[in-house]
Amino acid sequence: MTDLPSWGVASDSPTAQHYRTFGALEARGSSAAYEGWARGIADDAQMLALIDELPRAKRQANLVFAAMRVAEVPVVPWRDARDTAIARWPRIRDVALTHATQTNEAARCAVLLPQLACIPGPLALLEVGASAGLCLYPDRYAYRYTDDGGTVAALDPAERSGVVIDCRLENAEPPSRLPEVVWRGGIDLNPLDPADPDTLAWLDALVWPEHEDRRVRLRAAMAVAASDPAPIRAGDLNDLIADAAASAPADATLVVFHTAVLAYLSPEDRERFRRTMVDTDAVWLSNEGIGVFPEFERIVPPGERHRFVLAVDGEPVALTHPHGRSYRGL
């Protein structure tokens with residue numbers, strides 16, 4: 001039996017289970033700091049009680065951890081960080097209540113590109129849950145795809161942007177071209193301005209501590225989006241999707257896509273959106289965790305439950321890393 005620290009107490013509460021799962025599946029192997037924080041909080045009755053003061057949607061680890069960093073809780077082992085976290089809880093709570101996990105990872109374009117490159121162009125891109133819109137510029141970024149044998153396939157835009165995305169490719173051919181994008185737009189409950197320094201600071205806080213490559217890429221991608229901002233409508237995706245889609249040029253192929261978005265919808269709203277996508281003429285790219293569409297669970301191996309499933313028009317085509325680091329064709 002593992003000894004718990006003096007402040008620790010085993011808990012089976014939903015919040016404790018969420019943090020325990022986050023540490024074991026999502027953070028493990030990707031962020032030692034967040035894995036330690038998650039495991040420590042899962043057995044910390046006092047911290048769990050504070051987190052449970054938040055509305056349910058605000059208790060998620062990514063949001064609370066980012067708020068802790070904004071409140072300048074040091075990124076050190078939980079036993080050394082907890083006193084500061086508890087002392088600064090009022091600030092952490094305020095940040096969590098006024099912000100959302102709008103992680104805008106431009107590297108997700110690397111797992112969308114193998115499909116985007118196959119769609120007859122020119123393309124009109126409409127992203128739901130667009131945040132600051134960084135995934136709306138797949139044609140402006142450079143890519144380096146590495147296969148099982150170590151061979152690298154490179155794709156570079158006509159004008160260098162400073163954004164270079166590395167992605168491991170399995171069971172699939174690397175895309176041979178960048179898409180021609182003639183229109184881009186988005187929908188988000190709270191659109192973010194890529195030119196706003198406070199927006200950059202919050203998105204930076206959402207990047208996990210050890211992921212310096214993501215931090216560098218974020219800054220470069222924000223500069224791309226700020227130089228040519230895409231219109232992002234504020235509101236519910238189900239309410240706005242039809243009107244937003246109608247704004248796309250008729251002579252372009254409309255692609256509606258989303259990554260790590262539908263998990264925040266109720267099952268009813270998720271099904272409503274799916275029906276809309278089935279009835280539209282647009283190409284639909286969905287890159288979501290397996291819990292969003294339960295029928296996809298059978299294709300994800302037990303040890304890879306943290307993977308996303310990329311689907312085209314509702315049909316799964318690949319397993320992807322949540323931050324765009326890998327693409328495995330099915």
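Descriptive notes on the structure:
- For ASP166, the residues whose amide H sits under 5 Å from its own are ARG144, ignoring neighbours fewer than 5 places away on the same chain, with H placed 1.01 Å from N.
- Listed values for the range 69-77 are Karplus-derived 3J(HN,Hα) couplings in whole Hz (6.51 cos²θ - 1.76 cosθ + 1.60, θ = phi - 60°), namely 6, 4, 7, 6, 6, x, 7, 9, x, and x replaces Gly and Pro.
- Scanning the chain for GluC sites (Glu not before Pro) lying in DSSP loops with no more than 15 further Cβ atoms inside 10 Å, the longest uninterrupted stretch between such sites is 211-330.
- Counted over the range 14-98 with a bin width of 5 Å, the fraction of Cα pairs per bin, in whole percents, is 3, 17, 30, 29, 18, 4, 0.
- Highest-MSF residue in the chain out of ILE290, ILE187, ILE119 [GNM, Cα springs under 10 Å]: ILE119
- In a DSSP loop and with at most 15 other Cβ atoms within 10 Å, the trypsin sites (Lys or Arg not before Pro) in the range 277-311 are ARG305.
- Electrostatic bookkeeping for ARG184 treats Lys and Arg as +1 and Asp and Glu as -1; over the other residues with beta carbon under 11 Å from its beta carbon, the sum is -2.
- Mean projected area of the convex hull spanned by the Cα atoms of the range 174-274, taken over all viewing directions: 8.6 nm².
- When VAL95, VAL216 are arranged by Cβ crowding within 10 Å, least crowded first, meaning fewest neighbours, the order is VAL216, VAL95.
- Sequence of ASP239, ASP166 once ranked by neighbouring C-beta atoms within 10 Å, starting from the fewest: ASP239, ASP166
- Rounded to the nearest 500, the 222 nm mean residue ellipticity of the chain from helices alone is -10000 deg cm²/dmol, with -39,500 (n - 2.57) taken per DSSP H run of at least 4 residues.
- When the Cα convex hull of the range 106-329 is projected onto planes of every orientation, the mean area is 12.0 nm².
- Calculated FRET value between ASP228 and ASP147, using beta carbons and R₀ = 30 Å, to 0.05: 0.40
- Angle between the chain longest axis and helix 197-206 axis [Cα atoms, degrees, rounded to 10]: 70 degrees
- Between the range 128-188 and the range 32-94, the alpha-carbon center distance in angstrom: 34 Å
- Our note on the geometry: Cα centres of the range 293-330 and the range 195-251, 23 Å apart.
- Acute angle (nearest 10 degrees) that the helix 237-246 long axis makes with the longest principal axis of the chain, alpha-carbon atoms: 20 degrees
Read-outs: derived from the displayed coordinates by stated rules, not from any lab. This structure is a prediction, so every number in the text was calculated from the model and none was measured. With ideal geometry, Cβ positions are generated from the backbone for all residues, glycine too; neighbour counts draw on all protein chains shown.
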